[in-house]
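The values are calculated or read from the model by the stated rules, or taken from the named source; none is laboratory data. Only a predicted model underlies this, so the values are computations on that prediction, with no experimental measurement involved. FYI the Cβ positions are ideal-geometry reconstructions off the backbone, even for glycines, and counts take in every protein chain you see. For accessibility, only protein heavy atoms count, side chains too; no ligands or nucleic acids. Shrake-Rupley method; radii C 1.70, N 1.55, O 1.52, S 1.80 Å.
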Amino acid sequence: MPPITGRTYLAIPGPSVIPDRVLNAMHRVSPNIYEGEIIGMTETIFAGLKKLAGTRHHAAIYIANGHGGWEAALTNMFSRGDKALGIATGLFGTSWATTAQRMGVDVKILDFGRAAADPNKVAEALKADTDRRIKYVLLTHVDTASSVKNDIAAIRQAMNAVGHPALLAVDAIASLGCDELRMDEWGIDVLVGASQKGMMLPPGLALLWFSDKALAAAAKADLATPYWSIAPRVNAESYWQYFGGTPPTQHLYGLHEVLKMMLDEEGLEAVWSRHTKLARAIWAAFDAWGANGSGTALNITDKAARGHSVTAATIPNGGAGQLRHWLEHEAGVTLGIGLGMALPTEPAYGDYLRIGHMGHVNAHMVMGVLGTMEAGMSALNISRGDGAVEAAAKAFSAAS
Ligand SMILES: *Cc1c(COP(=O)(O)O)cnc(C)c1O
């Protein structure tokens, strides 16, 4: 097969597209890490990270991917044998909870399948904990596998309504910098993000935020080890303590550029509304493709429960797998695999795909993905309703 000419597009839910100016900001010789501009730049980054999360509390950066971010949070949240309530709304919610279990935390998993968590059920589970042993509720904001979005504020309200003292820990790795997120206003105590999704950077930085309450509780968490302990990172006396060692030098330059783009130039509200509009265009295309009864459909029927950074869908009879292959080899577009829907060894594995639309994305990129999907479905004779690309264009323009 001839090579693809033109820019290829990795449209998977992370790693995402890195803006050229972010790559350029990272393309530099290593700076002095003992004095000089990196010290002040790091202060600016932490202030930006707090603004990004909507918190006046504490931010920390770990050199890790999202899985490392999970463990960084968990080690500072729990002692061996502590109880937690893990809310599962897809593979990532389940994995965070089972990670905690493997670290020695007694996690009860409340599994909602592929639907958003029901705040009343969370409240019931907390009510049943009569001796108030549950220390944390673990929640995924947008589950990248199912593309479910949970209503964090409603869950926090339900927790408050039953008067349970549990703190709320949220995995926002897929939603940070894409979906509306307000740490303090929504009552989040621990928030986990990562660099390679909405944050438009290469993998390598796990981002954590802790409330005052969570930080005070962390002092007693015996799972914490010297490197992962958050206390020295948020109260660093020497620069190296922010990172438990050598700082992630070039990543910091990239992160500084990203925060400038998001907070100072585009503005956080505009970032969120751009993702909303692009998501609506994708949803409109799938509605049209499925309108002929072909079985092509979005994973999540309830619009309010759909994430704005990733879309999981089914194209039956192996159509999703064939289409992914066609797009990769004929159009230079790589779509995401279905995750947590069927095992790679099962025939149904080829019925699912995901589109990542997080971070550095705009209408021409999303319309390009949808247009090439239409072309691929045509080439592969995949049954579908008409007018998907037009419907997407209308949805995008109506939202603008
Ligand atoms: C991507 C992702 C993770 C895992 O991050 P890695 O960098 O792959 O380790 C965890 N949770 C959510 C919601 C994610 O989207």
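Details
- For region 346-400, a residue qualifies if it is open to solvent by 50 Å² or more (accessible area, probe 1.4 Å), more than 22 Å from Gly295 (Cβ to Cβ) and part of a loop (DSSP other than H, G, I, E, B), and the qualifying residues are His360, Asn362, Ser400.
- In a residue-by-residue description of region 196-211, the property of being more than 30 Å from Asn362 (Cα to Cα) and free of Cβ contacts under 8 Å to residues at least 60 places away in the same chain applies to no position.
- Among the criteria (1) of a type outside the set (D, E, K, R); (2) buried (at least 19 other Cβ atoms within 10 Å of the Cβ); (3) part of a helix (DSSP H, G or I), the one Pro232 does not fulfil is (2).
- Residue within region 252-275 that is within 28 Å of Ala47 (Cα to Cα), of a type outside the set (Lys, Arg), touching a Lys or Arg at 6+ places or on another chain (Cβ under 9 Å) and open to solvent by 50 Å² or more (accessible area, probe 1.4 Å) present: yes
- Filter result for Ala158 (touching a Phe, Trp or Tyr at 6+ places or on another chain (Cβ under 9 Å) and either within 10 Å of the ligand (Cβ to nearest atom) or modelled with pLDDT of 95 or more (or both)): no
- On the stretch given as region 191-214, residues that are open to solvent by 30 Å² or more (accessible area, probe 1.4 Å) and either assigned to a strand (DSSP E or B) or more than 16 Å from the ligand (Cβ to nearest atom) (or both) total 2.
- A search for C-beta distances below 9 Å between a residue of region 5-24 that is on the phi > 0 side of the Ramachandran plot and any residue that is open to solvent by 40 Å² or more (accessible area, probe 1.4 Å), counting only pairs 6+ apart in sequence or on different chains, returns Gly14/Pro203.
- Sub-7 Å Cβ pairs linking a first residue in region 64-79 that is within 7 Å of the ligand (Cβ to nearest atom) to a second residue that is open to solvent by less than 10 Å² (accessible area, probe 1.4 Å) and assigned to a helix (DSSP H, G or I), at least 6 apart or interchain, are Trp70/Trp96, ordered by first then second residue.
- Among the numbered conditions (1) at pLDDT 95 or above; (2) surrounded by fewer than 23 Cβ atoms within 10 Å (Cβ to Cβ); (3) within 16 Å of the ligand (Cβ to nearest atom), the only one that Val310 does not meet is (2).
- Options Ala145, Ala115; residue that is in contact (Cβ under 8 Å) with a residue 40 or more places away in the chain, among the hydrophobic types (A, V, I, L, M, F, W, C), part of a loop (DSSP other than H, G, I, E, B) and more than 16 Å from the ligand (Cβ to nearest atom): Ala115
- Taken over region 169-187, residues that are more than 14 Å from the ligand (Cβ to nearest atom) and either open to solvent by 10 Å² or more (accessible area, probe 1.4 Å) or without any contact (Cβ under 8 Å) to a residue 40 or more places away in the chain (or both) amount to 6.
- Options Phe78, Phe92, Phe46; residue that is in contact with a Lys or Arg (Cβ under 9 Å, 6 or more places away or on another chain) and aromatic (Phe, Trp, Tyr): Phe78
- Residue within region 113-136 that is touching a Gly at 6+ places or on another chain (Cβ under 7 Å), crowded, with 24+ Cβ neighbours inside 10 Å and closer than 16 Å to Leu191 by Cβ present: no
- Single condition Leu278 does not satisfy, out of (1) within 30 Å of Gly81 (Cβ to Cβ); (2) in contact (Cβ under 8 Å) with a residue 40 or more places away in the chain; (3) not polar (S, T, N, Q): (1)
- Taken over region 20-63, the criterion of being within 16 Å of the ligand (Cβ to nearest atom) and either in contact with a His (Cβ under 8 Å, 6 or more places away or on another chain) or of a type outside the set (Gly, Ala, Ser) (or both) is satisfied by Ile61, Tyr62, Ile63.
- Residue that is at pLDDT 95 or above, of a type in the set (A, V, I, L, M, F, W, C), under 24 Å from Gly336 (Cβ atoms) and assigned to a helix (DSSP H, G or I), where the choices are Ala284, Ala270: Ala284
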